[in-house]
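What follows is a single structure, written as structure tokens, with notes after it.
The values are calculated or read from the model by the stated rules, or taken from the named source; none is laboratory data. For clarity, every value in this text was computed on a predicted model and none was experimentally measured. With ideal geometry, Cβ positions are generated from the backbone for all residues, glycine too; neighbour counts draw on all protein chains shown. Accessible surface is based on the protein model in full, side chains and every heavy atom, while ligands, DNA and RNA are left aside. Shrake-Rupley method; radii C 1.70, N 1.55, O 1.52, S 1.80 Å.
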Amino acid sequence: MKSKRCSKGSKILVICGPTAVGKTKYAIEAAKNFNGEIVSCDSMQIYKGMDIGTAKPTEEEKAGILHHMIDIVEPFENYNVVNYKNDAEKVIDDILKRGKLPVVVGGTGLYMDSVLNNVKFYDENLQAATSTGYDHLFLFDIKNAAKPQLFLKNDEFSMKIYTDFEAIQF
């Protein structure tokens, strides 16, 4: 069954651009005027607790408009463009089913492109990119490249790379 989002006549409003140009303000005004809901397309606003430097709208700025795809994962969780695409498509479909206009707003081009152009990702690529095996391979590369030792940073901080992969301490 084809999703409503993909069916003929379904529309979404997209506001895309660089940081600090007023996208959020315009998106909220558009949502008010066209019975819409905001779908954030920002790779940092998805993280809970990361409020400084991400320009997440405050409750006052939201002006009663429902916002989606903000504060949805913990910072330590693996989350990537494939996860974003899947989650955002569900949100957009739900908004359309309720007869409202999805207002997709943000500046993360890869996320935006994945949704707007229905980019296909394949499971083996997702699994390779997000598995803990990849993380361990990365740690293995660090270990081999930097031989376990103590490094001094700015004469105050130290970093130790453990050979058993239990921890990297900064």
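Arrange the peptides 21-27, 113-119 so that the one whose residues have, on average, the most other Cβ atoms within 10 Å appears first.
21-27, 113-119
For Leu101, list long-range residues whose amide hydrogen, built 1.01 Å from N in the peptide plane, is under 5 Å from its own amide hydrogen.
Gly36, Glu37
Each residue of the stretch 82-96 in turn: what ³J(HN,Hα) in whole Hz from Karplus with 6.51, -1.76, 1.60 and θ = phi - 60°, glycine and Pro shown as x?
5, 4, 4, 4, 4, 5, 5, 5, 5, 5, 4, 4, 5, 4, 5
Can you give the local net charge around Ser114? Use residues other than it whose beta-carbon is closer than 10 angstrom to its beta-carbon, Lys and Arg +1, Asp and Glu -1.
Residues close to Ser114 contribute a combined charge of 0.
Taking the simple approach of a point 7 Å from Cα along Cα-to-Cβ for both Ile52 and Lys25, what is their distance in nm?
2.5 nm
What is the set of long-range amide H partners of Asp71 at a cut-off below 5 Å, with H atoms built 1.01 Å from backbone N?
Residues meeting the criterion, in which the H sits 1.01 Å from N, are Ile46, Tyr47.
Taking the Cα centre of the stretch 1-111 as origin, work out the dipole magnitude from +1 charges on Lys and Arg Cβ and -1 charges on Asp and Glu Cβ, in debye rounded to 20.
720 debye
Quick one: pull the percent of accessible area on the stretch 50-111 belonging to carbon and sulfur, 1.4 Å probe, ligands and nucleic acids left out.
53 percent
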